[in-house]
Every structure is written in structure tokens, then in C-alpha cells.
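Trainee: Handing you this structure, nothing more for now.
The values are calculated or read from the model by the stated rules, or taken from the named source; none is laboratory data. Quick caveat: nothing in here was measured; it's all calculated off a predicted structure. Note: ideal-geometry Cβ built from the backbone for every residue, glycine included; neighbour counts use all protein chains shown.
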């Protein structure tokens, strides 16, 4: 399956007034190779194992495979992941015909807030809310797999 998304910095916290929900996400990387990443995630009471391929030149599109796994298995796999583990709160914010996912990072990435919007095609248009900042799609340092190796607090 192809994942097509664009990523942005967030200017302020007004997105919270439009959010329809939020969940804590804890995730780690079993592999963060440039050609592929293997991620373990706990979101609420669910665990997930995800494999992502290398992004295209614009950073908008890449292969993604995800499977739900028992939370206990995800907890065990997190012990094998590279440190530090990513800890964040994800807000779902509907804007026009899309849902932006806004990640508020904690731990070594405190202070970083990113928004992503998934698209059905690379050139698909979307409405930009006022709280959306500079686009960082394709900037590797903002990938979660990179944030686990080079956290925001060290920039």
C-alpha cells in the first residue's frame, strides 16, 4: 500500500479547539535503515507493527505495511527497539475534507509539534488551517525514525 502524506510544523495550539480526539502513542524502531524502517507502536490498548519503505524524491509517497498485534507483544518488542523511544500525543483535527494528525512530542522531543495530512494522490489539494506552519515534507530530520536517533532537544 502506498502512503501519501505531507508534513508541517505547527504555529500554535489553536488546533486543540478543533480536535475531535487524541491518543498517546509510544513507538520505537527495530530498524531505521534508509531503505526501510520497522516500527513498533502502542496506541491506546492496541499494538502495531509497521514497515515503511524509502520515500520518493519529494518525500510525499512511500510503501507502508501495518498489522495490528496484541499490546503485550508490542510491549515486548519495544524492549528491543533503538533508544530513545518516541512518546507523543496525537490529535485528530478535521479540516474541510481531510483529517490532520497533530503530534505533540514529549521526552527528548519536547517542544516539537508536527501535523500530517494523508492524501489520495500527491497533487491533491487540501485546506490549510491558520495554525499550520512551514511544510517540512521530505526533511529527514522530522521523520520519527530520525527523531529517535537525533532528538529535537539536541538540535
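Trainee: Taking the conditions exactly as written (part of a strand (DSSP E or B), surrounded by 14 or more Cβ atoms within 10 Å (Cβ to Cβ) and free of Cβ contacts under 8 Å to residues at least 40 places away in the same chain), does residue 9 satisfy them or not?
Mentor: no
Trainee: What are the pairs, 6+ residues apart or on separate chains, where a residue within segment 70-88 that is more than 13 Å from residue 41 (Cβ to Cβ) has its Cβ under 8 Å from a residue that is in a helix (DSSP H, G or I)?
Mentor: 84/107; 84/108
Residues are listed down the side, and each one gets a yes or a no for (1) without any contact (Cβ under 8 Å) to a residue 60 or more places away in the chain; (2) surrounded by 13 or more Cβ atoms within 10 Å (Cβ to Cβ):
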residue: 62; (1), (2): no, yes
residue: 67; (1), (2): yes, no
residue: 91; (1), (2): no, yes
residue: 112; (1), (2): yes, yes
residue: 117; (1), (2): no, yes
residue: 130; (1), (2): no, no
residue: 147; (1), (2): no, yes
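Trainee: Name the single residue that is nearest to the chain's Cα centre (by Cα) among those in segment 24-82 being closer than 16 Å to residue 148 by Cα and part of a helix (DSSP H, G or I).
Mentor: 78
Trainee: For segment 12-60, which positions are surrounded by 15 or more Cβ atoms within 10 Å (Cβ to Cβ), more than 19 Å from residue 82 (Cβ to Cβ) and at pLDDT below 95?
Mentor: 55, 59, 60
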